[in-house]
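Report on the structure given below.
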Amino acid sequence: MAKKFPIGTWVYHPIDEFTSEEVDIWANCGLTYTMSPKISFGKNKPEELIPFLDRAEELGLKLVANYEGLGNGDYEENFRSVYNVVKGHPALAGFFVADEPSTPEAIEKYTGYMAIQKKVAPELEPYLNLMGSTHERSDLFEGMTYGEFIKEIADKTKCNSVCFDAYTQMINDVGINGFFIDVKAQVEAAEYAGVEPWLTPLCTAHFSYRQPNEYEIGWQINVAAAVGIRGLMWFRYYDRDLSVNNHGSPIDRYHNLTDHYYMMLRCQKIFGDEYGELLMKLKRKKTYRFGKQFADYEMFTDDSHDLIKIEGYLDSIVSFFEDENGTEYMAFVNASMVEPSRWKVTYDAEKCSVTELNFNGKRETPLAPCIGEWDGVYLYPGQLSIFRIDRK
């Protein structure tokens, strides 16, 4: 089975508020790798996870066991007692560890938990979520670069991924640039450390952050994937009570699927059907921008690539990727949330061909080699399009 781009959500409901039928709601919306309902050590039995894992296996999802309370007492002993019940289940991806550690002591504690999990269950991937601004918190990695800090965590825990928050894109244009600053720092640190960078984006109105519309949902998915993110874990799919600080989730407090849910469904399924498998076969090499300054990404110029020239306008991102055979790909994203965009791509037809890819590469549309150019990369706000470059 082809590897799918991991997309999931935080789930805060206690496990006894759901049945395993809830997994259908996640799968139908295009989630592929998500949290289980919350389960408490000492209160719930690990066996309560099994119906959820069984249904996830049937539907092709992986679940992160959202276990709380394992640190009450001997962590390794507690973790082993739970793990031994669900060990080997094909739908089990890993166990939740912690959210937003903000002190050196918390980092030390939770990375220690991750190391224990990997020692006991090396086939699983512990899940820890860092604050998006962690790269600015030099007090957490004094005497090191941020990349060295992430590599130290990776080396200590033997984990293969690191996740972090990024919400400011749901405030205003200044917040959008803040998003790019955070994501660029996290992606480059993770790549330096040899682990996969994951993102917790926003699908719920939260404090000063607005509820995203359909363009903005797709924007978050597609921009993140194009700049090197390798998995998403949304905050959050469910409203639980009336709160001015958390509202407007895809599933309301009465467990109704809202219009927002169906926006998420369309964006996630379109992404998965078009590129969710293809992107998992590719490694990012370089990201450029058009239009506005996004973080410190370089502007794409005529000297940026030896074969490809691009004329574009508005706010756009283009990233170059490579597969295991060394074949090159380029991914365009319209980085505007409100305006359509267009590029003209010119290439040296004697030295390469350029092919548009859809449906994870199952449909290929060559760009006409007789003229060596195509005036037709038109994208709606937040849309992604991927092309393969075959050198001759």
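The values are calculated or read from the model by the stated rules, or taken from the named source; none is laboratory data. What you see is a predicted model, and the numbers here were worked out from it, not measured in a lab. Neighbour counts run over all protein chains shown; Cβ positions are idealised from the backbone, glycine included. The protein model used for the area step is the full one, side chains on, heavy atoms only, and it has no ligands, DNA or RNA in it. Shrake-Rupley method; radii C 1.70, N 1.55, O 1.52, S 1.80 Å.
Observations
- The set of residues in segment 55-112 being of a type in the set (S, T, N, Q) and either surrounded by 20 or more Cβ atoms within 10 Å (Cβ to Cβ) or under 26 Å from the mean Cα position of the chain (by Cα) (or both) consists of Asn66, Ser102, Thr103, Thr111.
- Top-ranked residue in segment 173-189 [being modelled with pLDDT of 95 or more and open to solvent by 50 Å² or more (accessible area, probe 1.4 Å); ranked as nearest to Arg284 (Cα to Cα)]: Glu188
- Filter result for Lys109 (within 28 Å of Ala27 (Cβ to Cβ) and among the basic types (Lys, Arg)): no
- Residues that are touching a residue at least 24 places away in the same chain (Cβ under 8 Å), over 16 Å from Leu130 (Cα atoms) and open to solvent by 10 Å² or more (accessible area, probe 1.4 Å), drawn from segment 157-172: Lys158, Ile171
- Scanning segment 278-333 for residues that are open to solvent by 30 Å² or more (accessible area, probe 1.4 Å) and among the hydrophobic types (A, V, I, L, M, F, W, C) yields a total of 2.
- Within segment 199-223, restricting attention to residues that are among the aromatic types (Phe, Trp, Tyr) and open to solvent by 10 Å² or more (accessible area, probe 1.4 Å), the residue that is farthest from Pro250 (Cα to Cα) is Phe207.
- Options Tyr192, Tyr238: the member that is at negative phi and open to solvent by 30 Å² or more (accessible area, probe 1.4 Å): Tyr192
- Annotation: Glu142 fulfils all but one of (1) touching a strand residue (DSSP E or B) at 6+ places or on another chain (Cβ under 7 Å); (2) part of a loop (DSSP other than H, G, I, E, B); (3) open to solvent by 20 Å² or more (accessible area, probe 1.4 Å); the unmet one is (1).
- Looking only at segment 224-235, residues that are without any contact (Cβ under 8 Å) to a residue 60 or more places away in the chain and either open to solvent by 10 Å² or more (accessible area, probe 1.4 Å) or in a loop (DSSP other than H, G, I, E, B) (or both) come to 1 in all.
- Where strands (runs of 3 or more DSSP E) sit wholly within segment 280-392, those with at least 1 residues that are out of contact with any Phe, Trp or Tyr (no Cβ under 9 Å at 6 or more places or on another chain), at pLDDT 90 or above and farther than 28 Å from Arg210 by Cβ occupy 352-358, 363-366, 384-391.
- Positions within segment 53-74 being without any contact (Cβ under 8 Å) to a residue 12 or more places away in the chain and not in a helix (DSSP H, G or I), in sequence order: Gly73, Asp74
- Residue check, Ile50 part of a helix (DSSP H, G or I) and either open to solvent by less than 30 Å² (accessible area, probe 1.4 Å) or under 16 Å from Phe95 (Cα atoms) (or both): yes
- Residues located in segment 2-34, provided they are within 13 Å of Val64 (Cα to Cα), assigned to a loop (DSSP other than H, G, I, E, B) and in contact with a helix residue (DSSP H, G or I) (Cβ under 8 Å, 6 or more places away or on another chain): Leu31, Thr32
- In segment 27-40, the residue that is farthest from Tyr275 (Cα to Cα) out of those that are hydrophobic (A, V, I, L, M, F, W, C) and in contact with a Phe, Trp or Tyr (Cβ under 8 Å, 6 or more places away or on another chain) is Ile39.
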